[in-house]
Amino acid sequence: MNKTAKERLFQSVSHRPWPIPTKSWSYYQEWNHALFLHWKVEPGLLEPFIPKGLELDTYEGEAWISLVAFTMEKIRPKNLPAFSPVSNFHEINIRTYVTHNNKPGVYFLNIEAQKLVSAKLSKLLSGLPYEKAKMIRIQKNIFQEYTSNLKKKGFRFSAKYTVSNKPVPKTELDLWLTERYCLYLDRGLKTYMYEIHHLPWELLEVEMNEIQTTYRFGEIDLKNKPDRVHYSPGVKVLAWKKEKLL
């Protein structure tokens with residue numbers, strides 16, 4: 001990240017729901033070419049998956065699960081260069097929405113990474129539930145394909161879609177689903193939070209030509225057509241060291 005990009009990141013903070021952390025950031029990464037698929041879910045079906053101390057976040061009484069398929073690039077610790085064989089990889093995460101002390105964030109139910117070494121290092125350093133999956137991504141101008149197979153869990157994803165350069169007017173729900181500036185994780189009996197910062201997501205129109213999802217969490221089955229779909233060229237992200245909450 002050059003000086004100009006860094007300055008722009010720190011100067012653009014009015015969209016955040018709380019101030020940017022005063023401590024120095026610890027990690028840089030880019031979440032590029034992101035496809036968002038969102039499903040409404042009965043809150044009671046999600047509650048068993050939420051760690052103690054976190055509260056399931058809902059929008060007008062409805063809970064949501066999202067699948068975010070993107071390409072991670074240039075992930076690195078501060079003051080160290082990115083190393084593309086490890087720093088660049090395709091990723092799919094399945095997330096839901098939670099709050100703690102009035103800070104809305106995300107909680108990951110599953111994370112898939114294209115490369116074994118990237119999955120292992122990411123899990124070791126972050127504590128997040130990364131696992132290696134067989135993933136293929138094809139991009140031909142506006143036409144894109146994305147597939148993933150996490151065989152040991154029976155999780156599969158396949159999508160063909162056409163991306164437009166036409167921006168999507170963001171609704172309150174769109175902002176609620178995408179503009180989250182912290183993430184939560186649990187390790188053993190402890191709960192942690194990572195603060196993150198990025199510019200607002202640019203959302204573009206996307207047409208889903210084919211889609212197949214095979215993900216099941218308890219009684220939640222994500223095989224149906226998503227209720228909402230977004231696409232974004234991506235964001236540059238700063239992340240801080242995790243903080244112990246509970």
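With both partners inside the chain, how many of the DSSP beta bridges are antiparallel, as a percent to the nearest 5?
Working: 81 of 86 bridges.
Here the share of antiparallel DSSP bridges comes out near 95 percent.
Mind scanning K115/K236; K23/K170; K74/K242; K23/K123 and naming the pairs with a C-alpha gap bigger than 26 Å? If you can, show how the numbers build up before the last one.
Numbers: K115/K236 21 Å; K23/K170 31 Å; K74/K242 20 Å; K23/K123 23 Å.
Beyond 26 Å: K23/K170.
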Checklist outcome for this item: Projecting the Cα atoms of F143, A63, L128 onto the charge dipole of the stretch 3-244, where Lys and Arg contribute +1 and Asp and Glu -1 at Cβ, the residue farthest towards the positive end is L128
Checklist entry - If contacts are Cα pairs under 8 angstrom and at least 6 residues apart, what is the relative contact order of the stretch 68-225 in percent? => result 16
Checklist entry - Which one is right for this structure if Cα extents along the principal axes in Å is calculated from it: (i) 51, 38, 31; (ii) 54, 44, 30; (iii) 43, 42, 38? => result (iii)
Item to check | Sequence-distant aspartates and glutamates (8 or more away, or on other chains) whose Cα lies within less than 17 Å of K52 | outcome: D186, E243
Checklist outcome for this item: Quick calc of log₁₀ I(q)/I(0), the stretch 69-163, Debye, one scatterer on every Cα, no solvent, q values 0.14, 0.18, 0.19, 0.24 1/Å, result -0.60, -0.92, -0.99, -1.24
Checklist entry - About its Cα centre, what dipole magnitude does the chain give when the only charges are +1 on Lys and Arg Cβ and -1 on Asp and Glu Cβ, stated in debye to the nearest 20? => result 1240
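Laboratory data are not the source of any read-out in this text; all were calculated from the coordinates shown. Owing to the predicted nature of the structure, the values given are computational and were not obtained by experimental measurement. When we count neighbours, we look across all protein chains shown, and the Cβ atoms used for this are built from the backbone with ideal geometry, even at glycine.
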